[in-house]
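Novice: Here it is, the structure in full.
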Amino acid sequence: MATVTKNRKSSAANNRTSSSTNKKASPAGKKSAATAKKASPAKKAATKQSARAEKMPHSEFHKFFLDELKDIYWAEKALVKALPKLKKASTSPELAAAFDKHAGETQTHVSTLENIFEILGEKAVAKKCDAMQGLIEEANSVIEETEAGSKVRDAALILAAQKAEHYEIATYGSLRVFASTMGHGDVEQLLSQTLENEKATDEALTALAEGAVNDEASEE
């Protein structure tokens, strides 16, 4: 009888230990469930974004987005042709090098836009950009109205180029947000890369102007 009683006590102790262990493990289980619940909204958001992207090709917003892509596509192609002329007209070797560098970058922007059209399942078509056409004409006027070899010409060329850069920065900034809104993640990333490149070019032109060009132009 003593042995049976001892076994019963041992069994009861084991049951209490097991129950205590289960209670201790319980918060971990709750934590896991809570984590699953937290992940749930993210999943829902991803699903919602995917569904939105599928509907967008038929929306007026998407059509407007494509129209603006065609506009900046024309603008970039026009700049590829215009930048060598600005390089040739530059007095400063540094400014000429900056225009030459950006001409190569602009050709990359053209290729990036063609990639974007392909991702969207659309043909790459350029639509005349009146704004960029006007900015290029203004740059050409600057060359005609300033003296060759002068720093005043360089200052004027930088101003004309930055006007074009600011137009591109505004356009790419809006297009990036449009792409994000419609759930076009790959397109958003490509537009972001081009946007950052345009900003870097604008900053480089500002550095040239403030570094020497403007001071030297003021002495002429």
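The values are calculated or read from the model by the stated rules, or taken from the named source; none is laboratory data. Treat the numbers as computed from the prediction; the structure is a model and nothing was measured. Glycine gets a Cβ as well: all are built from the backbone with ideal geometry, and neighbour counts include every protein chain shown.
Novice: Among the numbered criteria (1) within 17 Å of Phe64 (Cα to Cα); (2) buried (at least 16 other Cβ atoms within 10 Å of the Cβ); (3) not aromatic (Phe, Trp, Tyr), which single criterion is violated by Asp154?
Specialist: So Asp154 meets the others, but not (1).
Novice: Here's something else I'd like to know. May I ask you to list the residues in the stretch 176-187 that are farther than 15 Å from Asn115 by Cα, among the aliphatic types (A, V, I, L, M) and part of a helix (DSSP H, G or I)?
Specialist: Residue satisfying the conditions is Val177 alone.
Novice: Okay, next question. If the Cβ limit is 6 Å and pairs must be 6+ apart or interchain, which residue in the stretch 205-216 that is within 12 Å of Arg153 (Cα to Cα) pairs with which residue that is modelled with pLDDT of 95 or more and in a helix (DSSP H, G or I)?
Specialist: Final answer for the pair search is Ala209/Ile158; Val213/Lys151; Val213/Asp154; Val213/Ala155; Asn214/Ala155; Glu216/Lys151.
Novice: Can you say whether Glu220 is part of a loop (DSSP other than H, G, I, E, B) and either under 26 Å from Ala97 (Cβ atoms) or free of Cβ contacts under 8 Å to residues at least 24 places away in the same chain (or both), as far as the supplied structure shows?
Specialist: yes
Novice: Looking at the stretch 115-159, which of its residues are of a type in the set (D, E, K, R), in contact (Cβ under 8 Å) with a residue 12 or more places away in the chain and farther than 22 Å from Ser90 by Cβ?
Specialist: Residues satisfying the conditions are Glu122, Lys127, Lys128.
Novice: Under the condition of being among the β-branched types (Val, Ile, Thr) and outside any loop (DSSP other than H, G, I, E, B), which residue from the stretch 118-161 is nearest to His62 (Cα to Cα)? Walk me through how you get there before you give the answer.
Specialist: Step one: list which residues in the stretch 118-161 are among the β-branched types (Val, Ile, Thr), which gives 119, 125, 136, 142-143, 146, 152, 158.
Filter once more, keeping what is outside any loop (DSSP other than H, G, I, E, B): 119, 136, 142-143, 152, 158.
Working: Ile119: 14, Ile136: 29, Val142: 38, Ile143: 39, Val152: 44, Ile158: 35 Å.
My answer is Ile119.
Novice: Within the stretch 92-109, can you find the residues that are surrounded by 21 or more Cβ atoms within 10 Å (Cβ to Cβ) and more than 27 Å from the chain's Cα centre (by Cα)? Give the steps one after another, and end with the answer.
Specialist: As a first pass, look at the stretch 92-109 and keep what is surrounded by 21 or more Cβ atoms within 10 Å (Cβ to Cβ): 95, 98-99, 102, 106, 109.
Those that are surrounded by 21 or more Cβ atoms within 10 Å (Cβ to Cβ) and more than 27 Å from the chain's Cα centre (by Cα): none in the stretch 92-109.
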